[in-house]
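The values are calculated or read from the model by the stated rules, or taken from the named source; none is laboratory data. These numbers come from a predicted model, not from an experiment. For neighbour counting, all protein chains shown are included, and Cβ atoms are generated from backbone atoms with ideal geometry for every residue, glycine included.
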Amino acid sequence: MLRQRQPRQHDEAHLRFIRSLPCVACEDNTATEAAHLKMPFPKAAKRNVGIGEKADDKWTLPLCGEHHREQHKLGEELFWRQYGIDPVSTASFLFGVSGNYEKGEQIVRAAQS
């Protein structure tokens, strides 16, 4: 059975929040980008995102440009494993505090623990 593509849930305010945080891999905060997670995670009802699609904006993490490019080059699973970060939980926690910069920074710092 073919599944029809679902429209992406866009949240510009959350993307601005993510871009205001330091990189979750190195904590650089000079030019953070919103990195969308494509990998599936059924326990969180997160589906696999196909080619040419972006995940819903709630599935984003802050990465500096260098680490964002590395994430694409290595592939998501290897990249996140290499840095010891649980990307799905971290993205969920950040979405839960969206707009609260202080709590967002705490989550970014704790993600590498």
Any hit, segment 94-111, residues being of a type outside the set (D, E, K, R), crowded, with 20+ Cβ neighbours inside 10 Å and farther than 11 Å from Leu21 by Cβ | no
Among the residues of segment 4-20, is any modelled with pLDDT under 90 and in contact with a Gly (Cβ under 8 Å, 6 or more places away or on another chain)?
-> yes
How many residues does segment 55-101 hold that are within 16 Å of Thr32 (Cβ to Cβ) and of a type in the set (D, E, K, R)?
-> 4
Filtering segment 64-101 down to residues that are modelled with pLDDT of 95 or more, farther than 21 Å from Ala31 by Cβ and of a type in the set (D, E, K, R) yields none
